[in-house]
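Student: Have a look at this one.
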Amino acid sequence: MKTLFDKIWDAHVVTTVQDGPTQLYIDRHLCHEVTSPQAFAGLRARGLKVFRPERTTLTADHNIPTMGQDKPIRDQVSRFQVDTLAKNAEEFGLIYYGLNNPKNGIVHVIGPENGYTQPGMTIVCGDSHTSTHGAFGAIAFGIGTSEVEMVLASQCILQTRPKTMRINFEGKLNAHVSAKDMALYMISQLTTGGATGYFVEYAGEAVRNLTMEQRMTLCNLSIEMGARGGLVAPDETTFNYIKGREFAPKGEQWDKALAYWQTLKTDEGAAFDKEVTFDVSQIKPMITYGTNPGMGMPIDGTIPQLEDIDESGKISFEKSLKYMGFAPGEKLEGKQIDYVFLGSCTNGRIEDFRLFTEYVKGKKKADNVTAWLVPGSWKVRKQIEEEGLDKILEEAGFALRQPGCSACLAMNDDKVPAGKYAVSTSNRNFEGRQGPGARTILAGPLVAAAAAVNGKITKP
Amino acid sequence: MPLPIENVDTDQIIPARFLKATTREGFGDNLFADWRYDKEGNPKADFVLNNPVYSGQVLVAGKNFGSGSSREHAAWAIGGYGFKVVVSSFFADIFRNNALNNGILPVVVSDAFLSELFASSDKNSQATVTVNLETQTIVNNETGHSESFEINAYKKACLLEGLDDIDFLLSNKDKIEAFEQQRAYAY
């Protein structure tokens with residue numbers, strides 16, 4: 001009896017070092033401009049080629065502007081980094097979706113939407129949110145640059161087998177609650193280190209009822225509780241999503257793939273190292289109040305008191321609230337905010353834009369709010385336009401930007417000024433994450449839409 | 001060097017705006033940049049790295065050190081600054097791998113041992129620790145208390161003997177090719 005994780009892991013073991021790690025074969029490697037240049041330089045210094053060039057795909061996303069992408073990048077250092085990626089693609093013979101390519105976008109958005117991401121695969125990228133691809137029933141996880149070099153050189157990686165955890169979400173979701181709220185609730189219960197050392201399988205009725213994009217949002221945030229990754233067993237929802245996408249198997253190959261994918265589920269009675277169950281009827285729309293994603297609460301909740309915090313965590317808790325300008329025991333509902341960011345690999349897909357648009361339709365953006373709406377890819381942006389969502393957004397006072405990671409990590413010019421509050425659909429509320437001194441409140445697309453229209457934190 | 005803060009994430013270790021470089025050098029100057037420097041780039045007197053009474057090659061940090069992003073730049077910044085060892089009661093997985101891959105030893109100790117290290121350095125800013133990779137032990141020289149720590153045998157050998165991961169992986173080239181031929185379902 002095996003878990004889904006065991007089945008996929010075991011199918012990728014090349015060899016295991018005695019008392020050491022496993023040499024694991026990697027099916028799909030995704031690369032971006034920020035965590036790859038030193039890896040390519042390493043290959044060059046060793047005189048090596050890329051071992052299996054067809055298994056690596058490159059895109060530029062982290063360090064690019066979200067306006068005027070048709071012009072050269074103004075920031076010289078950023079331009080050099082993106083140019084370096086293009087040169088590496090050419091020198092090593094790799095597929096590269098650069099700026100203005102119709103397939104360009106955030107690495108974890110373009111993988112699934114082009115059919116690169118498939119059940120049963122091992123997928124890595126020099127980015128911690130690679131866990132997103134686990135939504136398809138894949139072992140997908142983030143790696144460092146030395147490991148990027150290992151994959152380029154050998155199509156393998158050395159990994160210690162993680163422990164397994166199953167998280168069951170039972171019951172039916174309340175109205176206005178999305179996968180983002182499920183994830184923020186889960187992390188608030190388990191803490192940011194609560195799943196460190198584990199690979200998580202998400203299961204239960206509420207997970208089965210999620211669309212593929214919602215599953216991606218849930219798996220995306222696995223890393224925010226320290227998990228190596230998170231996956232969902234593939235089912236009809238998964239297969240229907242993949243079928244017909246450009247790099248998905250076709251014809252006879254599809255039948256063969258499907259037969260294999262249908263075996264990818266945890267056997268009944270298989271043991272996990274840890275199991276947790278949540279009743280989703282308890283979950284309300286969530287927000288964060290502190291400087292890590294585990295510091296979350298229901299939108300109408302109150303910030304904990306200092307005496308509720310463990311002794312060893314008190315310094316960090318006080319530092320965090322001081323940074324945010326909040327007090328213990330304070331309620332945040334009704335609090336005025338300054339910025340709204342819709343986008344990122346967490347919530348930058350078409351369903352997120354539909355949710356946001358549905359809420360703001362016929363309303364107006366609050367004057368005190370600056371809103372950045374950044375589609376996760378050109379394909380997402382094109383679909384927004386095809387569905388006419390851009391017109392509705394425009395009437396409500398919003399404008400779309402061009403794809404990229406944008407204000408999620410603020411490497412480009414999309415920085416929230418010091419001291420300002422941003423309601424953000426991204427994944428991290430760390431100090432300075434959205435710009436030096438910026439104060440981030442994480443939420444789902446609906447809470448972000450309500451904040452954008454009302455100018456303050458309100459229930460959607 | 002004591003840093004008794006929990007959940008120190010990689011955005012604090014090296015903020016994203018410093019990730020534009022295409023080499024591994026120079027990140028040490030921006031280690032903990034937003035805690036270390038004010039807006040004008042002047043050192044903040046109240047941050048431990050700027051306090052001349054503290055020094056050394058061992059960073060002692062609160063639990064869940066290195067959470068967040070996979071950026072190896074965090075390990076490059078810590079190594080670039082001159083730290084050889086990071087001690088905490090808990091490390092994020094990706095950071096731990098990145099540290100090991102750059103010759104920085106992450107040492108996991110118990111919560112009690114960590115609290116005692118912070119107490120020792122509170123009492124005496126010159127307090128030291130001794131870390132022995134060969135015997136896998138760490139000693140709080142202030143109290144004489146010691147603990148053993150875990151590291152997998154392969155990584156220990158990499159650190160002690162300078163083994164190289166890529167040389168190792170490619171030494172198994174035959175096995176990789178055999179795997180590609182024999183696997184049950186090939187993507």
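The values are calculated or read from the model by the stated rules, or taken from the named source; none is laboratory data. Just so it is clear, the model here is predicted, and its values are computed rather than measured. Neighbour counts are summed over all protein chains in view; Cβ atoms, including those assigned to glycine, are modelled from backbone coordinates with ideal geometry.
Student: Select from the stretch B:73-92 the residues that are in contact (Cβ under 8 Å) with a residue 40 or more places away in the chain and of a type outside the set (A, V, I, L, M, F, W, C) and list them in ascending order.
Tutor: Within the stretch B:73-92, B:His73, B:Gly79, B:Gly80, B:Tyr81, B:Gly82 qualify.
Student: I want to confirm something. Restricting to the stretch B:47-62 and keeping residues that are within 13 Å of chain A (Cβ to nearest Cβ) and surrounded by fewer than 20 Cβ atoms within 10 Å (Cβ to Cβ), which single residue is farthest from the chain's Cα centre (by Cα)?
Tutor: Here the residue is B:Phe47.
Student: (1) within 21 Å of A:Gln189 (Cβ to Cβ); (2) in contact with a Phe, Trp or Tyr (Cβ under 8 Å, 6 or more places away or on another chain); (3) surrounded by fewer than 19 Cβ atoms within 10 Å (Cβ to Cβ): which one isn't true of A:Asp308, the others all being true?
Tutor: (2)
Student: Of the residues B:Ser125, B:Ser148, which single one is of a type in the set (Ser, Thr, Tyr) and within 23 Å of B:Tyr54 (Cβ to Cβ)?
Tutor: Criteria check complete, one pass: B:Ser125.
Student: Scan the stretch B:96-122 for residues that are crowded, with 18+ Cβ neighbours inside 10 Å and part of a loop (DSSP other than H, G, I, E, B) and report the count.
Tutor: Count: 4.
Student: Let me ask something additional. All but one of (1) surrounded by 16 or more Cβ atoms within 10 Å (Cβ to Cβ); (2) closer than 30 Å to B:Phe118 by Cβ; (3) of a type in the set (S, T, N, Q) hold for A:Thr237, so report the exception by its number.
Tutor: Every listed condition holds for A:Thr237 apart from (2).
Student: Identify the single condition in (1) touching a strand residue (DSSP E or B) at 6+ places or on another chain (Cβ under 9 Å); (2) buried (at least 24 other Cβ atoms within 10 Å of the Cβ) that A:Ser178 does not satisfy, given that it satisfies every other one.
Tutor: Condition (1) is where A:Ser178 drops out.
Student: Here are some conditions: (1) over 29 Å from B:Gln182 (Cβ atoms); (2) buried (at least 21 other Cβ atoms within 10 Å of the Cβ). A:Cys31 meets all but one. Which one does it not meet?
Tutor: Looking at each condition in turn, A:Cys31 falls short on (1).
Student: Answer yes or no: is there a residue in the stretch A:7-18 that is closer than 19 Å to A:Gly142 by Cα and touching a His at 6+ places or on another chain (Cβ under 8 Å).
Tutor: Scanning the stretch A:7-18, I find no residue that is closer than 19 Å to A:Gly142 by Cα and touching a His at 6+ places or on another chain (Cβ under 8 Å), so the answer is no.
Student: Separate question: List the number of the failed condition for A:Ala203; all other conditions in (1) farther than 24 Å from A:Asn240 by Cα; (2) in contact with a strand residue (DSSP E or B) (Cβ under 8 Å, 6 or more places away or on another chain) hold.
Tutor: With (1) farther than 24 Å from A:Asn240 by Cα; (2) in contact with a strand residue (DSSP E or B) (Cβ under 8 Å, 6 or more places away or on another chain) applied to A:Ala203, the lone miss is (1).
Per-residue answers, yes or no, for (1) over 20 Å from A:Ala183 (Cα atoms); (2) more than 14 Å from chain B (Cβ to nearest Cβ); (3) not in a loop (DSSP other than H, G, I, E, B):
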position: A:Lys415; (1), (2), (3): yes, no, no
position: A:Arg433; (1), (2), (3): no, no, no
position: A:Pro436; (1), (2), (3): yes, no, no
position: A:Ile441; (1), (2), (3): no, yes, yes
position: A:Leu446; (1), (2), (3): no, yes, yes
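Student: Oh, and also: If the requirement is being in contact (Cβ under 8 Å) with a residue 24 or more places away in the chain, of a type in the set (Lys, Arg) and either part of a strand (DSSP E or B) or touching a helix residue (DSSP H, G or I) at 6+ places or on another chain (Cβ under 6 Å) (or both), which of these qualifies: A:Arg215, A:Arg245?
Tutor: None of the other options fit; the residue is A:Arg215.
The rows are residues; the columns are (1) of a type in the set (Asp, Glu); (2) within 23 Å of A:Glu333 (Cβ to Cβ); (3) over 17 Å from the mean Cα position of the chain (by Cα).
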{"residue": "A:Phe353", "(1), (2), (3)": "no, no, no"}
{"residue": "A:Asn368", "(1), (2), (3)": "no, yes, yes"}
{"residue": "A:Pro375", "(1), (2), (3)": "no, no, no"}
{"residue": "A:Val380", "(1), (2), (3)": "no, no, no"}
{"residue": "A:Gln383", "(1), (2), (3)": "no, no, yes"}
{"residue": "A:Pro417", "(1), (2), (3)": "no, no, yes"}
{"residue": "A:Ser426", "(1), (2), (3)": "no, yes, no"}
{"residue": "A:Ile441", "(1), (2), (3)": "no, yes, no"}
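Student: Can I ask one more? Only residues that are aliphatic (A, V, I, L, M), surrounded by 14 or more Cβ atoms within 10 Å (Cβ to Cβ) and not in a helix (DSSP H, G or I): list them for the stretch A:313-341, please.
Tutor: Of everything in the stretch A:313-341, those that are aliphatic (A, V, I, L, M), surrounded by 14 or more Cβ atoms within 10 Å (Cβ to Cβ) and not in a helix (DSSP H, G or I) turn out to be A:Leu332, A:Ile337, A:Val340.
Student: Something else: Would you confirm, using the coordinates I've provided, whether A:His133 is modelled with pLDDT of 95 or more, in contact with a Ser or Thr (Cβ under 6 Å, 6 or more places away or on another chain) and not in a strand (DSSP E or B)?
Tutor: Yes: the conditions hold for A:His133.
Student: Kindly indicate whether any position in the stretch A:159-176 is within 10 Å of chain B (Cβ to nearest Cβ) and in contact with a Gly (Cβ under 9 Å, 6 or more places away or on another chain).
Tutor: yes
Student: A further question on this structure: Collect the residues in the stretch A:1-34 that are part of a strand (DSSP E or B) and more than 27 Å from the chain's Cα centre (by Cα), keeping them in residue-number order.
Tutor: A:Val14, A:Thr15, A:Thr16
Student: Still on this structure, I have one more. Could you tell me which numbered condition A:Met1 fails, if it satisfies all but one of (1) among the hydrophobic types (A, V, I, L, M, F, W, C); (2) within 30 Å of B:Asp174 (Cβ to Cβ); (3) surrounded by fewer than 23 Cβ atoms within 10 Å (Cβ to Cβ)?
Tutor: Among (1) among the hydrophobic types (A, V, I, L, M, F, W, C); (2) within 30 Å of B:Asp174 (Cβ to Cβ); (3) surrounded by fewer than 23 Cβ atoms within 10 Å (Cβ to Cβ), A:Met1 violates only (2).
Student: Go through the stretch A:35-53 and count every residue that is touching a residue at least 12 places away in the same chain (Cβ under 8 Å), within 11 Å of another protein chain (Cβ to nearest Cβ) and part of a helix (DSSP H, G or I).
Tutor: Result for the stretch A:35-53: 7.
Student: Restricting to the stretch B:151-169, give me the number of residues that are within 11 Å of chain A (Cβ to nearest Cβ) and not in a helix (DSSP H, G or I).
Tutor: Selection size over the stretch B:151-169: 4.
Student: In addition: Quickly run through the stretch B:12-25 and pick out the residues that are at the interface with another protein chain (Cβ under 7 Å from one of its Cβ atoms), assigned to a helix (DSSP H, G or I) and surrounded by fewer than 23 Cβ atoms within 10 Å (Cβ to Cβ).
Tutor: Scanning the stretch B:12-25 gives a single hit, B:Arg17.
Student: Here is a further query. Got a sec? Which of B:Ser121, B:Ser125 is more than 13 Å from chain A (Cβ to nearest Cβ), touching a strand residue (DSSP E or B) at 6+ places or on another chain (Cβ under 6 Å) and touching a residue at least 24 places away in the same chain (Cβ under 8 Å)?
Tutor: Answer to the check: B:Ser121.
Student: Could you figure out which of (1) over 28 Å from A:Thr22 (Cα atoms); (2) out of contact with any Ser or Thr (no Cβ under 6 Å at 6 or more places or on another chain); (3) surrounded by 21 or more Cβ atoms within 10 Å (Cβ to Cβ) isn't true of A:Pro162?
Tutor: (1)
Student: In addition: Determine which single condition A:Glu351 fails, assuming it passes every other condition in (1) part of a helix (DSSP H, G or I); (2) in contact (Cβ under 8 Å) with a residue 24 or more places away in the chain; (3) within 14 Å of another protein chain (Cβ to nearest Cβ).
Tutor: Result: A:Glu351 passes all but (3).
Student: Has the stretch A:74-87 got any residue that is crowded, with 22+ Cβ neighbours inside 10 Å and farther than 22 Å from A:Asp414 by Cα?
Tutor: Scanning the stretch A:74-87, I find no residue that is crowded, with 22+ Cβ neighbours inside 10 Å and farther than 22 Å from A:Asp414 by Cα, so the answer is no.
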